[in-house]
Amino acid sequence: MDGTALARRIVEDTAKKAAGLTERTGTAPGLATVLVGEDPASVTYVRMKQNRCRKAGIESRHVALTAATTTGELVGVLRELSAGPAVHGILLQHPVGGHVDERAAFEAIAPQKDVDGVTFASFATMSFGLPGFVSCTPGGILRLLDEYGVDPAGWGCPRASEAERGGRAVVVGRSAILGKPVGMLLLARDATVTYCHSRTADLSAAVRGADIVVAAVGRSRLIRGQDIKPGAVVIDAGYNPGNVGDVDFDSAVERASLITPVPGGVGPMTIATLLEQTVEAAARQLGA
Ligand code: NAP
């Protein structure tokens, strides 16, 4: 499943919408990126997001805070960005560092500007299928499934035989930004969802029964091809040192009907979803 190609199309479409919005309102969509400290990976991610914003006609405003920033100070910055008209979307790059209460910081982001989908409000609207912003990586994963005609309810997987159709989805990982929300989105689309995590007794057995596997762990090649049900759809959201996913691609590709590579699968979809939601947030706030 080619996430790079789909993401490119989404970004092109988003750029057109951004240009139209700017022309109609005289205001360009704006995203604030907030970074606490100088973790090299986070600095790279933020820079990448800013570059993509620029290319899509979204103005990005960067707020760099020192590693010593307190929860109170960070909450103050996020409340100010939430209240003011300068930006339409806010991205707090995480993890923010052990001494900061990350949840308190996320909750300082106004739901209408929560284009990264990290607040309680966004999780709730996403889970209930109400208008709001989805968590970007899970949202991107559902777009990929749609693009390839994979109906999580079990119908329409283009290369699976009738007998193999199912709709049992196994999500490995239960983080608030990835595992949990992707499971909720699959559930909302009528998949029968099982969550696995570090305390799951027999991960292999759970994965073997899955028609859709989402790996969201952060452990290199944890999921092996021998555990993939023939014809299953495999989504690898993991990103580990050396550009390696959570799925052993070479063995899994032999059994999966569709599989995402790492890199070039889920990763580009995350940023595309962020840009798309930023323009959507701007359109709503500008009433255009
Ligand atoms: P996280 O917060 O560390 O969560 C990891 C999850 O995996 C936890 O729920 C943990 O279980 C579970 N887990 C750990 N070891 C396991 C094992 N041996 N068997 C089964 N489950 C296990 O990580 P995250 O933020 O969700 O990220 C997961 C991966 O996705 C990482 O590689 C990250 O880099 C990648 N990611 C990619 C994107 C993208 O845009 N492509 C975006 C976000 C994250 P417990 O809950 O029991 O601890």
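The values are calculated or read from the model by the stated rules, or taken from the named source; none is laboratory data. Predicted model, so just to flag it, every value in this text is computed and none were measured. Note that each Cβ is placed from the backbone with ideal geometry, even for glycine, and that neighbours are counted across all protein chains shown. Keep in mind that these areas ignore ligands, DNA and RNA; they rest on the heavy atoms of the full protein, side chains included. Shrake-Rupley method; radii C 1.70, N 1.55, O 1.52, S 1.80 Å.
Numerical summary
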{"item": "Tabulated pairs, region 235-247, first in the same structural domain as Leu186 (by TED's automatic domain parsing), second in a strand (DSSP E or B) and surrounded by fewer than 18 Cβ atoms within 10 Å (Cβ to Cβ), C-beta under 9 angstrom, 6+ apart or interchain", "result": "Gly238/Val244; Asp246/Asn240"}
{"item": "Yes/no for Arg52 being in contact (Cβ under 8 Å) with a residue 60 or more places away in the chain and assigned by TED's automatic domain parsing to the domain that holds Ala86", "result": "yes"}
{"item": "Hits in region 228-249 - residues which are surrounded by 22 or more Cβ atoms within 10 Å (Cβ to Cβ) and either touching a Lys or Arg at 6+ places or on another chain (Cβ under 8 Å) or within 17 Å of Ser175 (Cβ to Cβ) (or both)", "result": "Ile228, Lys229, Ala232, Ile235, Asp236, Ala237, Gly238, Gly245, Asp246, Val247"}
{"item": "Any hit, region 20-35, residues being at pLDDT below 95 and in contact with a strand residue (DSSP E or B) (Cβ under 6 Å, 6 or more places away or on another chain)", "result": "no"}
{"item": "Single match in Pro95, Pro152 (criterion: surrounded by fewer than 17 Cβ atoms within 10 Å (Cβ to Cβ) and either in contact with a Ser or Thr (Cβ under 6 Å, 6 or more places away or on another chain) or not in a helix (DSSP H, G or I) (or both))", "result": "Pro95"}
{"item": "Residue among Leu65, Leu74, Leu78 that alone is in contact with a strand residue (DSSP E or B) (Cβ under 8 Å, 6 or more places away or on another chain), open to solvent by less than 80 Å² (accessible area, probe 1.4 Å) and within 21 Å of Gln277 (Cβ to Cβ)", "result": "Leu78"}
{"item": "Gly97 being under 23 Å from Leu144 (Cα atoms) and in contact with a Gly (Cβ under 8 Å, 6 or more places away or on another chain)", "result": "no"}
{"item": "Filter result for Leu31 (in contact with a His (Cβ under 8 Å, 6 or more places away or on another chain) and under 19 Å from Ala288 (Cβ atoms))", "result": "yes"}
{"item": "Listing of helices (runs of 4 or more DSSP H) fully contained in region 175-288 that carry 3 or more residues being closer than 30 Å to Ala15 by Cβ and near the ligand (Cβ under 10 Å from one of its atoms)", "result": "266-286"}
{"item": "Those residues of region 255-271 which are of a type in the set (Gly, Ala, Ser) and either within 22 Å of Leu81 (Cα to Cα) or open to solvent by 40 Å² or more (accessible area, probe 1.4 Å) (or both), in sequence order", "result": "Gly267"}
{"item": "Boolean, Ala86 is modelled with pLDDT under 95, touching a strand residue (DSSP E or B) at 6+ places or on another chain (Cβ under 7 Å) and small (Gly, Ala, Ser)", "result": "yes"}
